[in-house]
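Here the structure comes first, spelled out in structure tokens, and everything after it is commentary.
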Amino acid sequence: MSKAIIIGAGIAGIAAAIRLAIKGHQVEVFEASAQAGGKLSEIRLGSFRFDAGPSLFTMPQYVDELFRLAGKNPPDYFQYNKLDTICNYFYEDGTRIHAFADPEKFAEEIAEKTNDSAGSVLDFLSKSRDIYEITNPVFLQRSLHKLGSYLNLGTLKSLLRFPQIDAFRSMNQANEARFKDSRTIRLFNRYATYNGSNPYQAPATLNIIPHFEQHFGAYFPLGGMYAIVSSLTKLAIDLGVKFHFNSYVDEIEIKSSKVVGISCGEQIHPADLVISNMDVWYTYTRLLKGTKLPARLKTQERSSSALIFYWGINASFAELGLHNIFFTEDYQEEFRQIWNEKVIGSDPTIYVHISSKSNPKDAPEGSENWFTMINVPSDTGQDWDELIRVSRKNIIEKLSRNLGRDISQLISCESVLDPRGIDSKTFSYQGSLYGSSSNSQFSAFLRHANFSSGIQDLYFAGGSVHPGGGIPLALLSAKIVDRLIK
């Protein structure tokens, strides 16, 4: 029986552990923190519980697949409900758009609230489906760095349709060509932030993302987002995977250009293969001592980060749902400040996630738990304490204005997470949530491969490598690694 060691118990690390255990490997996972999950973690403030990281759950089939591969019944471990309304969008002019899960109903909602037609929305969603069908077999399910990935009929068919993925104009250019109302354009431009990118630079290929929500649906796990982690961790343990928490890996041990194990504290742990679920930047700079950082990692633009306020709110708001977005009026200026000036503007777009809407136990009766987030630049040495102070004031003023209540008087407890904390807690270089950005048409090809070309039996999984960040893609990275391991 071969032994596999996985560094990091993020969602991709856990998924990789499950897949290898099913194949008969002896698997051990080393995690620096006290709990599994990586960015997909939870925190508690008094009687309030918060999902600390990713809050939108799509493509649940990738989670269910892991249970089925193990011969288990998914609902015995993990359950979730489909959302009827995916998100509520708020605009300064008083417009409120409900993104219904039903595409026809969603299209009619936009037609009723904006100057765009239902037909234009349905055409957009059809284009989003086309991009998914073309890219899924090539870019999402397989390694882009193995010749064999391109030598099959399905891939060749996708490559012949490559012009249809709209890679040579920006997401905003495509959306401005299709829609005429700024409110609609902002709504669909917003999807670039799902992988930490700029809609005014990122290719229109990213218009694939709405298909994940509108076709496959958006869901909420029973017990909150952290239930994904706890259920998969339980499955892994049931399969014989051994977890080592509070165990910081010091080095990946290499001999004659082959992985032979890891060192952790005073101990050497032998292994036949190693999978790093750590940010690929830190994997090279901290764990692969004596190995040069690949040149492309030095020059790749990092994704955006986040500033999050976890607020216990002593009130309830009927007009708010599970997911809520409050738009700025000048969306392009917001992204210019983030990407060009590396600062936070005075009127940021705000995302408020309230898990207690679906899981009432997350807040006391009559109260709500607000995960309040804005997109911010990665950490390059800004004065974050001052940025946090000013942004907190601006966020409270904006939410109070839109909701007609003084939010500052309702906050009973607070915790703050900024790019520095994201870096230190999750080993995400510069606090970038998704590794590198997707601000060019070649970004998919420039992401680090899921294997090392110079070190035998070393593999990489997670949001900082192919195919990208977010729960579905992180799970797919584990699937790709599983296929690569003989």
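The values are calculated or read from the model by the stated rules, or taken from the named source; none is laboratory data. Just so it is clear, the model here is predicted, and its values are computed rather than measured. We place every Cβ from the backbone using ideal geometry, glycine too, and count neighbours over all the protein chains shown.
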- Would you please name the residue that is nearest to HIS211 (Cα to Cα), looking only at residues in the stretch 60-90 that are buried (at least 19 other Cβ atoms within 10 Å of the Cβ) and among the β-branched types (Val, Ile, Thr)? ILE86
- Query: Taking the stretch 422-479 on its own, how many of its residues are assigned to a helix (DSSP H, G or I), within 12 Å of the chain's Cα centre (by Cα) and hydrophobic (A, V, I, L, M, F, W, C)?
  - Reply: 4
- Task: Only residues that are out of contact with any Phe, Trp or Tyr (no Cβ under 9 Å at 6 or more places or on another chain) and surrounded by fewer than 16 Cβ atoms within 10 Å (Cβ to Cβ): list them for the stretch 261-270, please.
- Result: SER263, GLU266, GLN267, ILE268, PRO270
- Item | Within the stretch 293-333, considering residues that are among the acidic types (Asp, Glu) and touching a residue at least 40 places away in the same chain (Cβ under 8 Å), the one nearest to PRO221 (Cα to Cα) | GLU319
- Those residues of the stretch 218-238 which are crowded, with 17+ Cβ neighbours inside 10 Å and not in a helix (DSSP H, G or I) amount to ALA218, TYR219, PHE220, PRO221, GLY223, GLY224, MET225
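Of all residues in the stretch 248-260, how many are in a loop (DSSP other than H, G, I, E, B) and crowded, with 20+ Cβ neighbours inside 10 Å? Working first, answer last.
Quick first cut of the stretch 248-260, residues in a loop (DSSP other than H, G, I, E, B) only: 248-250, 256-257.
Of the ones still in play, those that are also crowded, with 20+ Cβ neighbours inside 10 Å are 249.
Adding up the residues that qualify gives 1.
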- Query: Within the stretch 3-52, which strands (runs of 3 or more DSSP E) (wholly inside it) include 2 or more residues that are in contact with a Lys or Arg (Cβ under 6 Å, 6 or more places away or on another chain), at negative phi and of a type outside the set (Gly, Ala, Ser)?
  - Reply: 26-30
- Query: Within the stretch 91-115, which residues are surrounded by fewer than 21 Cβ atoms within 10 Å (Cβ to Cβ) and either in a strand (DSSP E or B) or in the same structural domain as SER182 (by TED's automatic domain parsing) (or both)?
  - Reply: ARG96, HIS98, PHE100
- Task: Could you pull out the residue among ARG405, ARG389 that is more than 18 Å from TYR310 (Cα to Cα) and basic (Lys, Arg)?
- Result: ARG405
- Kindly establish whether GLY46 is touching a Gly at 6+ places or on another chain (Cβ under 7 Å) and either in the same structural domain as TRP281 (by TED's automatic domain parsing) or polar (S, T, N, Q) (or both). no
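Just to check your reading of the model, which residue among ARG190, ARG183 is at pLDDT 95 or above, more than 23 Å from ASN439 (Cβ to Cβ) and touching a strand residue (DSSP E or B) at 6+ places or on another chain (Cβ under 9 Å)?
Just one listed residue meets the conditions, ARG183.
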